[in-house]
Structures are given as structure tokens and as C-alpha cells.
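Beneath this line is the structure, given in C-alpha cells, with notes to follow.
None of the figures in this text is laboratory data; all of them are computed from the coordinates on show. Every value quoted in this text rests on a predicted model; they were computed, and no experiment measured them. When we count neighbours, we look across all protein chains shown, and the Cβ atoms used for this are built from the backbone with ideal geometry, even at glycine.
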Amino acid sequence: MQFVTLVQIRPGGGGKIGSRAAAHAAQWQHLKHQIQLVGGRINQIWNVLGNDYDLLFMGEADDPKTLHRIDAVCKGEGYTAKTHPAIGAEEYARLVEDTAKVLDYGRRSRRADVEREA
């Protein structure tokens, strides 16, 4: 399963200026290592501009419990973090179509039940 983790390195989020205005390489390398220790495989690391978060980790994990562990590691290191499962745009489009079919089937099924009762 793929995931994205947003991490706030700077205290107080966006708007802080000074020596901590950018995420230092040592910080994100350490955090990458910690994430790997709990089962996350980091594929890319990006700095996020104009946002409350400083870093975006993109990676893979074997199970959803790893996503929780990643958040726990980040927070244990003192960073605000959010980890979310991620899917490709094509897979998401299929998911939306499949969900619409299920919802449409449910509406048709209820209509048929109402008509039978009438």
C-alpha cells in the first residue's frame, strides 16, 4: 500500500522565519530512518512550500498498521504529522465508478422494494 506523510518540522507551522525556516537534511534523514524502522519504505521526500507542513514523504507499507506506526514515530520525535493511504489517479477513478455502481444498485433495489409493497 502506498502512503503520504506530511510532517511539520518547524514549530508553529508556516509563518516562522529564522534558522528553522527550512527542514534540515539531518532532520529528514533521521526521520526517514525512523520510518523505515517501523516498516515504511520511503520512495521520495519533498519539501512543501506555502503550507503548514514542511516535508512530504511518499512511500510504501505492507499493512495499514504501519501507517499508524509512522505517525507515532513522527509524533514521538516531536513533529506534527499526518499519514494517509494514497492511490493512483486511475485506480481512484475506478473506485469512484465502482462506488457509483453500488450506490445506483442500492437505489434501484430500494425502488423495486417500494414498488412491490405498493
**Asked** Within segment 54-105, how many residues are assigned to a helix (DSSP H, G or I) and either over 17 Å from the mean Cα position of the chain (by Cα) or of a type in the set (Gly, Ala, Ser) (or both)?
**Response** 17
**Prompt:** Hey, does segment 71-92 have a residue that's among the hydroxyl-bearing types (Ser, Thr, Tyr), exposed (fewer than 13 other Cβ atoms within 10 Å of the Cβ) and farther than 15 Å from ILE9 by Cβ?
**Reply:** yes
